Amino acid sequence: MKTSYSVQLNNRLAFAVPSYGFKGMLRLAEMADDSPFNAVMVGDSLFDSPRFEPIATLGAVAARTRRVKLGAAIIQPHFRHPAMLALSWATLDIASEGRTVLALGIGGGTPHGVGAECREVGITPGERGKVLERCVGELRAIWSGTHPRINQPVRPIQKLPPIWIAAGIYQPGSDEFSAQSGNIPDEGQKYLPGPLDRVARLADGWLTIMATPDELRRSLAVLRKAVASHGRKPEALTAATDIWINVGPDPKVCFERIRSAMSLYFNGDPVSDGTLNRWSVYGPPEMCREKLAALEAAGMDHIELVIGEMEPFKQFELVVNQVLS
């Protein structure tokens with residue numbers, strides 16, 4: 001199967017960079033709809049990394065596009081009651097004529113930020129995984145009409161919209177920071193597969209970040225065996241990763257432009273070279289193509305590109321015309 005690509009609309013930077021803004025996201029979605037990209041994505045946070053609400057954003061995108069799939073990578077289910085999430089997502093699936101992909105995850109950030117968001121929704125950070133697993137079952141039961149209590153007649157066009165689950169396979173160098181936090185030391189980090197069995201039991205797809213091709217290959221082998229052990233078809237699971245990108249003649253300039261955008265994404269936290277090297281492709285088109293080809297060869301069915309620029313339009317054109325074409 002040929003690897004498909006999505007572009008992150010970046011509802012975080014759209015909020016943080018007024019010259020990009022909400023209208024800029026819609027413009028980027030329209031550009032993606034007329035490009036080789038297969039999907040557009042948005043992310044989620046309650047207030048730790050302020051951004052436009054993802055499902056409302058995708059509703060606006062649905063009205064401005066006709067072809068690309070609409071994805072949330074990720075939605076944090078502990079922020080929403082499953083019945084309301086089921087209704088919101090079913091409505092989005094109807095509005096988009098069946099183009100949705102829902103990626104769920106426990107989220108990331110510094111312990112302080114994660115803890116503050118969890119307190120507001122009445123859980124501890126350690127309960128997020130159980131909430132996610134329960135939510136997957138609730139969503140599918142509501143959408144299929146088999147829920148024991150909730151009869152929701154608003155059903156998605158897709159009988160069961162695909163649900164991906166995010167699970168990391170990289171441990172940062174300090175317990176103070178998560179793998180998603182920008183401020184990561186360069187020493188002590190290690191390959192450490194996360195809850196892959198959760199993905200194997202429940203998910204239609206697996207999403208991970210900040211992983212090398214070798215780590216992806218090793219983890220995917222473990223995951224596909226686990227999928228089979230649960231009586232499911234390993235080949236039916238979509239394997240996906242996301243990575244930042246900046247295309248240009250000088251790799252050092254591209255590297256620093258990604259650093260600036262990523263730092264702003266993480267509320268101004270400094271971003272280490274180690275994080276950037278793990279989580280980005282940069283430089284001339286041939287360098288970018290080579291790095292993306294390595295991810296494809298590692299078994300990735302889908303790659304989400306996050307444009308490492310405050311205003312993404314020129315970079316979008318470079319990616320489409322010089323990297324993906």
Does Ser229 satisfy the condition of being over 21 Å from the mean Cα position of the chain (by Cα), at pLDDT below 95 and of a type in the set (S, T, N, Q)?
no
When you go through Leu207, Leu216 one by one, which is the residue that is modelled with pLDDT of 95 or more, closer than 27 Å to Pro161 by Cβ and touching a helix residue (DSSP H, G or I) at 6+ places or on another chain (Cβ under 8 Å)?
Leu216
Kindly indicate the residue of region 224-262 that is polar (S, T, N, Q) and either closer than 27 Å to Leu104 by Cβ or without any contact (Cβ under 8 Å) to a residue 60 or more places away in the chain (or both) and also surrounded by the most Cβ atoms within 10 Å (Cβ to Cβ) among those meeting that condition.
Thr241
Which numbered condition trips up Met300, out of (1) more than 28 Å from Asp197 (Cα to Cα); (2) buried (at least 20 other Cβ atoms within 10 Å of the Cβ)?
(1)
Could you grab the pairs with beta carbons closer than 7 Å, sequence gap of 6+ or different chains, first residue in region 111-129 and closer than 22 Å to Gly168 by Cα, second one among the polar types (S, T, N, Q)?
Cys118/Thr124
Set Ala29, Ala16: member being crowded, with 22+ Cβ neighbours inside 10 Å and closer than 22 Å to Leu264 by Cα:
Ala29
Only one of Phe52, Phe37 is in contact with a strand residue (DSSP E or B) (Cβ under 9 Å, 6 or more places away or on another chain), more than 30 Å from Gly299 (Cβ to Cβ) and not aliphatic (A, V, I, L, M); which?
Phe52
Between a first residue in region 201-214 that is on the phi > 0 side of the Ramachandran plot and a second residue that is among the aromatic types (Phe, Trp, Tyr) and assigned to a loop (DSSP other than H, G, I, E, B), which pairs have beta carbons less than 7 Å apart while being 6 or more apart in sequence or on different chains?
Met210/Trp279
Whether any residue in region 275-288 is within 21 Å of Ala32 (Cβ to Cβ) and touching a Cys at 6+ places or on another chain (Cβ under 8 Å) is what I want to check.
yes
In the set Pro148, Pro156, the lone residue that is assigned to a loop (DSSP other than H, G, I, E, B), modelled with pLDDT of 95 or more, closer than 24 Å to Lys69 by Cβ and not β-branched (Val, Ile, Thr) is Pro156
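Results for (1) at pLDDT below 95; (2) farther than 18 Å from Asn11 by Cβ; (3) of a type outside the set (Gly, Ala, Ser); (4) out of contact with any Lys or Arg (no Cβ under 7 Å at 6 or more places or on another chain), shown as yes or no for each residue.
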| site | (1), (2), (3), (4) |
| --- | --- |
| Gln76 | no, no, yes, yes |
| Leu85 | no, no, yes, yes |
| Asp93 | no, yes, yes, yes |
| Ser96 | no, no, no, yes |
| Gly108 | yes, no, no, yes |
| Val114 | yes, yes, yes, yes |
| Gly122 | no, yes, no, yes |
| Leu139 | no, yes, yes, yes |
| Trp143 | no, yes, yes, no |
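The values are calculated or read from the model by the stated rules, or taken from the named source; none is laboratory data. Just so it is clear, the structure is predicted and the values come from calculations on it, not from any experiment. Neighbour counts are summed over all protein chains in view; Cβ atoms, including those assigned to glycine, are modelled from backbone coordinates with ideal geometry.
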